[in-house]
Structure formats: structure tokens, C-alpha cells
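Written out below as C-alpha cells is the structure these notes cover.
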Number of protein chains: 2
Amino acid sequence: MDATIKDIARIVKVSYATVSRALNNKHGVKPETRKRILEEAHRLNYRPNAIARGLVKKQTHSIGLVIPDITNPFYPEVARGVEDAAQEAGFSVFLCNTNWERDRELRYIELLTSKRVDGLIIAPVSETTETLQRFLRSVPVVYVSTTAVSAHESYVTIDNVKGGYLATELLIRTGKTPVAFIGSEEDSHTLQERLEGYKQALKDYHQPVDERYVRFGDFKRETGSRFIKKMVLEGVKPKGVFGENDLLAIGIIQGAKEIGLAIPDDLAVVGFDDIPFASFPEISLTTIAQPKYEMGRYAVEILLKRIGMEDTGSFPRQRLILEPNLVRRKSA
Amino acid sequence: MDATIKDIARIVKVSYATVSRALNNKHGVKPETRKRILEEAHRLNYRPNAIARGLVKKQTHSIGLVIPDITNPFYPEVARGVEDAAQEAGFSVFLCNTNWERDRELRYIELLTSKRVDGLIIAPVSETTETLQRFLRSVPVVYVSTTAVSAHESYVTIDNVKGGYLATELLIRTGKTPVAFIGSEEDSHTLQERLEGYKQALKDYHQPVDERYVRFGDFKRETGSRFIKKMVLEGVKPKGVFGENDLLAIGIIQGAKEIGLAIPDDLAVVGFDDIPFASFPEISLTTIAQPKYEMGRYAVEILLKRIGMEDTGSFPRQRLILEPNLVRRKSA
DNA sequence: AGAATTATAGTAAACGTTTGCAAAATACGC
DNA sequence: GCGTATTTTGCAAACGTTTACTATAATTCT
């Protein structure tokens with residue numbers, strides 16, 4: 001059995017209200033009694049029961065982090081950013097992997113609200129957050145890595161269309177035309193934005209937009225490899241390709257090499273995200289970097305500010321759109 | 001304000017005890033009243049307050065996962081295994097990164113016990129778990145990826161000495177002698193075990209154990225690269241090297257290439273862990289695979305079994321030592 | 001029909017804290 | 001010393017549940 005405040009009170013012979021005050025450094029308790037209480041608490045190896053405290057204070061000092069899959073190399077860094085910032089503020093974080101399943105996402109959100117987390121950081125799989133509303137109600141949320149949120153929500157993300165533009169522009173300017181686009185699921189909001197950047201760049205540089213050069217699959221490496229091979233097999237032969245994310249891009253490089261294309265001479269490829277592998281000399285992927293760790297940090301900063309406001313309704317939504325950053329390596 | 005059980009009781013005009021029973025599917029409440037209660041609960045978008053429930057049941061259905069760094073490619077998979085298994089059993093998991101700092105580890109454990117997690121899974125940075133004892137007391141723990149635990153603790157890990165043996169043996173049998181060992185911090189328990197396997201293999205195959213061929217640094221990729229270069233600069237020229245973990249091994253490959261060595265002909269290298277990158281064709285690292293995801297799952301299985309026991313004292317410790325698995329790729 | 005049984009509902013205590021308010025103790029001023 | 005101001009303490013309610021126990025209502029049995 002864990003020692004409670006009452007145990008201490010009994011031993012030190014004061015009321016447990018006094019013990020509570022002493023333990024919380026409230027003023028109005030005689031230094032000497034406080035000392036005795038603290039000593040006894042230490043002797044009993046007392047640990048305050050955060051559950052009981054949470055019940056009366058209506059605050060758990062916990063937040064939920066809901067992401068698709070920590071195993072996907074994009075997320076560990078944002079998780080770390082979230083965790084670091086939370087920890088510094090005295091918050092703990094529940095990690096939840098939705099595995100890209102919509103109902104698992106919903107179940108988690110329900111579970112977390114049951115546990116009365118003080119806030120939620122969500123990288124949603126659902127492309128719209130409408131469905132989530134019913135479950136969220138009173139819990140503050142900040143979305144991460146999406147813009148598809150209803151009017152009064154906060155988020156932090158990067159400028160995907162600019163990123164797509166930058167990637168495509170580089171390819172065009174280095175003469176790697178025609179440039180293809182290989183992306184993951186077509187209905188992803190993120191993909192649509194990057195695709196828009198791609199198209200915008202093509203237009204600005206007077207390149208034709210040829211639908212045969214744009215393909216959609218999923219976010220797996222193998223897919224990139226398969227798609228590029230399929231493409232050239234069908235006779236569409238890009239000189240450059242913008243892979244909507246790094247995993248795809250790496251797959252593209254691998255597939256291209258398999259069919260004898262030299263990177264970047266025969267085919268230049270640029271990715272998106274700058275996952276850790278991208279910088280390995282063996283890969284050396286030119287890519288659009290997202291400040292993943294910082295995104296995590298910012299998200300909790302916004303969230304905590306929001307949690308701090310007593311008057312929840314009046315908090316202005318915050319929308320932080322970070323700058324993408326072209327990091328040039330050997331693949332393009 | 002969130003709806004409570006009392007709100008429902010008031011509206012449906014029953015006592016809140018009845019509401020509680022209805023919501024928990026306890027028998028002894030008339031089907032019709034139950035129906036009315038459930039309907040009202042749904043209408044009010046009622047979410048049970050797990051905090052209040054936890055207080056009386058002395059169970060939070062949460063566990064803590066304490067690891068060094070989710071950003072290290074070894075951990076996401078075990079975290080995922082933990083999370084999946086926990087989720088299936090209705091538990092949530094707190095993610096805590098100690099950043100390899102001992103006192104941060106301690107602080108986290110203290111925090112988590114304050115939050116009254118039902119159990120803890122720890123990949124400890126401290127090479128001995130003695131220090132942790134005071135903080136743990138009543139909380140069930142299972143350690144992961146270490147054997148340095150006091151007598152009555154449970155853990156799941158792999159057979160590191162066997163892994164080290166396998167790696168070294170392969171190198172010897174393919175004629176890649178002399179074989180070097182490059183490891184992380186010398187006082188790591190894990191390292192010592194792998195090193196033991198290395199030495200054992202050398203002995204079994206009648207190879208000399210030459211201390212100039214074994215080096216210790218840290219677990220970073222750059223370190224591997226630096227060390228191999230330094231080694232040959234000093235005139236000790238192994239034909240094979242066993243990198244104590246994959247990051248190191250990859251660094252070794254990179255460093256070797258930089259100084260013109262061909263892999264695996266001039267230098268064969270085998271790593272340890274089988275992190276996701278290892279299988280990339282550009283790397284194609286021969287390595288000792290750990291079943292990371294399964295380790296996570298097993299850890300929670302053991303933990304939950306332990307939590308389920310009312311009589312905590314009598315639970316026999318469980319020690320699960322998984323088999324390492326040599327996966328042969330191109331680097332050796 | 002009445003007793004005995006069973007199904008349903010309510011009362012109240014408990015979980016371990018925090019906190020407003022009142023009581024007691026101490027210090028201060030003259 | 002006595003009244004007053006101030007510091008230190010205690011009492012009790014509250015947070016939202018669960019649950020043992022008791023009370024009432026409904027059903028079954030003879």
C-alpha cells in the first residue's frame with residue numbers, strides 16, 4: 001500500500017489539510033511543522049497521488065499524441081519534440097498509433113478524453129477533422145502536419161505547396177524535364193498541396209502538365225520502385241521526378257538503378273521530409289526538409305498556451321505554417 | 001463542462017448508483033431503465049471519467065514506457081509492439097525519452113508512479129537497476145533489452161553473447177580475419193555481452209584476442225566511421241569488423257569506403273539490431289536481427305500478467321531471452 | 001392469498017487529494 | 001495585559017466514480 005497524505009498526518013499529528021499545504025509549498029504553515037511533514041513524507045517514500053489530485057483540480061498534466069505510426073521515419077522526431085516540450089512543462093504524453101485506421105483514431109480519441117487528458121496533438125489520418133469533432137468537444141487540440149481542419153482549430157504544418165514548388169523548380173532549372181510526380185494516396189490533403197506546388201512550378205516555367213507523368217499509390221518505398229519502373233516500361237520517361245515523400249523517393253532511386261538509370265544523370269529525384277536516412281552518403285537524397293522536431297515543440301507550445309487559458313472559448317486559433325527548406329544533395 | 005453520471009441520474013430520475021450499474025453492464029438493472037440511461041448518456045455525449053474511476057478502483061489502465069530515445073532507430077519498433085499489445089488489452093502508454101540521462105530516467109519513473117501507472121516497461125540507461133528500486137516499490141516493471149536487473153525482476157531481451165558469437169563466427173569462417181570489434185560505451189551491459197560472444201568465437205576458432213582490434217566509443221554513426229579510419233591509420237588492419245550496433249556498422253562501412261576499401265572484399269562488416277535501414281539495397285548490411293516488435297509485445301504480455309495478479313509478491317519473475325538471428329546481406 | 005424469493009433501486013461510504021471557511025494560536029501595539 | 005491583527009491549523013465539502021449494504025418492488029410458489 002502506498003503512503004497517503006493521511007498517513008503522514010496521523011504520524012506527524014496534524015490534519016491532512018496541513019500536510020497538503022506543506023507538500024504543495026503553500027504559505028501559511030509553520031516552517032517547523034512543514035519540516036517535520038517533509039521529513040516524514042520522505043521517510044515513508046510518499047508519492048502524491050496524481051489521480052486524486054487530478055480529480056479535484058480537473059487537470060491531469062497529460063496530453064495525448066495521436067499519430068499514424070511511430071515506425072514511419074517521419075514521426076519519431078516530431079514525437080521527440082512533443083515529448084521534450086511537454087516534459088519541460090511538466091506534462092506527460094500518451095503515445096497512440098492509429099496505424100492509419102480511421103476508427104482506431106476515433107477510439108483513441110475517445111479513450112484519451114475518457115482519461116481526461118488536458119489536450120491533444122493529432123496528426124490525423126482522416127483528411128477532414130469534422131468526424132472528430134463530436135469526440136473532442138471540450139478538449140483543446142492542435143493538429144500537426146495538416147491544414148484540413150475546421151475553422152476554429154489550431155495547427156502547425158509546413159507550406160506544402162511551396163515545398164512542392166521548390167522541388168519541382170529545382171528539377172526544371174537543372175534541365176531535368178520532363179519532371180514526374182509520384183505520390184501516395186490521392187485523397188490525402190498533404191499530397192494535394194504538394195501536387196499543387198508541382199503544377200504551379202510547371203506552369204510558371206511553361207512546362208506542359210501531362211497526367212501520364214503523375215501517379216498515385218501509397219507511402220511505401222516499394223511503391224516508388226515499382227512505379228518508376230512501370231513508368232519507363234510504358235514509355236513515359238521523365239528526366240526528373242519529385243517523390244512526394246522520402247520513402248517513395250528512395251524507392252524511386254532504387255527502382256531506377258535496377259533498370260540501369262544513373263542518378264542523377266539519367267534521372268534526378270527529389271523527395272520530401274528529410275528523414276534521417278536521406279542524408280546517408282549511400283542515399284544522399286535531395287529533399288524538402290521539414291523541421292520535424294520543431295513542429296512537435298511548437299505544437300505543444302500552442303497547446304499549452306491554450307490549456308493555460310481559463311476561458312477556453314475565447315482562445316484565438318493559432319496556425320503556424322513553417323517554411324520548407326530545400327536541402328540539396330546528390331540525387332538532384 | 002462535461003456531463004457526469006449525476007447529470008444523467010438527475011434527468012432520468014434514478015440514483016446515480018443505478019446509472020453506474022447501467023453504464024457498466026452490471027446486472028440488476030431493469031432493461032428498460034438501462035435503455036433510458038444509455039440513451040441519455042449518448043444524448044449528453046457522456047464520457048466516463050477514467051480519473052475518478054481510477055481513484056476508486058486503484059487502476060489506471062495506463063503503463064509507462066521509458067526508453068532512451070525514440071529517435072534512435074532501434075526503439076520505434078519496440079514502442080510499436082508495446083503500444084499495440086497494450087492497446088489490445090485496453091491500456092494506454094506514456095512515452096518517456098530519457099535521452100540517456102540517468103536523472104531524467106529517475107525523474108520519469110517518479111512522475112509515472114505519481115500518475116499511478118499500473119506498470120512500467122523500461123529500457124534502462126543505468127547499467128544497474130538498483131538505483132531505481134527505491135522509486136519503483138510497488139509498481140510492476142519489466143525491463144527490456146537488458147539483463148542487469150536485480151534478482152526478482154522480469155525482463156525480455158535477446159541472447160547478446162550468442163549474437164556476438166554468430167557475427168564473429170561468420171566473419172571468421174568467411175576468412176575475414178583478423179576481425180575487429182567496434183562498440184559503444186564500454187560500461188554498457190549489452191556491449192559487454194556482445195563482446196563476450198566475440199571473444200568466445202575467437203577462442204573457439206583459435207584466433208588471437210588482440211586488444212588493438214577492439215575499440216569503444218559511443219553509439220553514433222560518425223563514431224564508426226572515425227574509428228575504422230583511425231584504426232587503419234594506426235596500421236591495425238582488420239579484414240572483418242563486428243559493429244556492436246547497426247548505426248556503428250553503417251558508419252564503419254561509410255568510413256571504410258572513404259578510405260578506398262571495398263565492402264565486403266577488403267573489409268567485411270556485420271552489425272547488430274537490424275534497424276530498418278540495414279535492409280536498404282544501398283546499405284545491405286549483414287547483421288544480427290533482434291525481434292524488436294515482438295520484444296515490445298512480450299514485455300507488455302508479461303507485465304499485464306503480472307498486473308493481473310492480485311497478490312503481487314508471489315509473482316514469479318519472468319525472464320525471456322529471445323534468439324538472435326543472423327541475416328546475411330551484402331556487407332559480409 | 002400470503003410467504004418466500006428474486007430482481008431492481010437507493011443510501012452512503014470510500015478512493016486521495018485540494019481548498020474555502022472558521023477556529024485556535026501566536027505575535028504585536030500600546 | 002488586553003484587544004487586535006496575523007499566522008497557523010482544522011473541518012468539511014468537493015471532485016466523479018464504484019460498491020457493499022439496505023430497502024423496496026415484482027415475481028414465484030404453495
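The values are calculated or read from the model by the stated rules, or taken from the named source; none is laboratory data. The structure displayed is predicted, hence computed values, not measured ones. Reconstructed Cβ throughout: ideal geometry from the backbone, glycine too, with neighbour counts over all protein chains shown.
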Qualifying residues in the stretch B:121-130 (those that are under 18 Å from the mean Cα position of the chain (by Cα) and away from chain A (no Cβ under 13 Å)) - the one surrounded by the fewest Cβ atoms within 10 Å (Cβ to Cβ): B:T128
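Out of all the residues in the stretch A:251-259, is one or more over 29 Å from B:S225 (Cβ atoms) and within 14 Å of another protein chain (Cβ to nearest Cβ)? Can you show your working first?
From the stretch A:251-259, those over 29 Å from B:S225 (Cβ atoms) are A:259; that's our starting set.
Those left that are additionally within 14 Å of another protein chain (Cβ to nearest Cβ): A:259.
Scanning the stretch A:251-259 turns up at least one residue that is over 29 Å from B:S225 (Cβ atoms) and within 14 Å of another protein chain (Cβ to nearest Cβ).
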Tell me whether the stretch A:285-303 contains one or more residues that are surrounded by fewer than 23 Cβ atoms within 10 Å (Cβ to Cβ), under 27 Å from the mean Cα position of the chain (by Cα) and of a type in the set (K, R). yes
Residues of the stretch B:1-35 that turn out to be more than 43 Å from the chain's Cα centre (by Cα) and within 9 Å of DNA strand C (Cβ to nearest atom), as a count: 14
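Tell me, which residue of the stretch A:82-109 that is β-branched (V, I, T) and modelled with pLDDT of 95 or more is nearest to the chain's Cα centre (by Cα)?
Filtering the stretch A:82-109 for residues β-branched (V, I, T) gives A:82, A:93, A:98, A:109.
Next, only the ones that are modelled with pLDDT of 95 or more stay: A:82, A:93, A:98.
On the way: A:V82: 8, A:V93: 13, A:T98: 13 Å.
The residue in question is A:V82.
Conditions (1) touching a residue at least 40 places away in the same chain (Cβ under 8 Å); (2) in contact with a Leu (Cβ under 7 Å, 6 or more places away or on another chain), marked per residue:
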position: A:I8; (1), (2): no, yes
position: A:V12; (1), (2): no, no
position: A:A17; (1), (2): no, no
position: A:S20; (1), (2): no, no
position: A:K30; (1), (2): no, no
position: A:E39; (1), (2): no, no
position: A:H42; (1), (2): no, no
position: A:T60; (1), (2): yes, no
Set B:V29, B:V12, B:V19: member being within 8 Å of DNA strand D (Cβ to nearest atom) and crowded, with 18+ Cβ neighbours inside 10 Å: B:V19
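From the residues in the stretch B:57-77 that are more than 13 Å from B:D118 (Cβ to Cβ) and facing chain A (nearest Cβ under 10 Å), which one is nearest to the chain's Cα centre (by Cα)?
Only one residue fits best here, namely B:Y75.
Is it true that A:L233 is of a type outside the set (S, T, Y) and modelled with pLDDT of 95 or more?
Working: of a type outside the set (S, T, Y): yes; modelled with pLDDT of 95 or more: no.
The answer is no for A:L233.
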Do any strands (runs of 3 or more DSSP E) entirely within the stretch A:179-294 hold 2 or more residues that are touching a helix residue (DSSP H, G or I) at 6+ places or on another chain (Cβ under 7 Å), over 16 Å from B:F280 (Cβ atoms) and of a type in the set (G, A, S), and if so, which? A:179-183
State which residue is nearest to the chain's Cα centre (by Cα) when the search covers only the stretch A:36-56 and only residues that are away from DNA strand C (no atom under 11 Å from the Cβ) and at negative phi. A:H42
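Give the residues of the stretch B:78-110 that are aliphatic (A, V, I, L, M) and more than 7 Å from chain A (Cβ to nearest Cβ), sorted by residue number.
Applying the first criterion (aliphatic (A, V, I, L, M)) to the stretch B:78-110 yields B:78-79, B:82, B:85-86, B:89, B:93, B:95, B:106, B:109.
Residues satisfying the conditions are B:V78, B:V82, B:A85, B:A86, B:A89, B:L106, B:I109.
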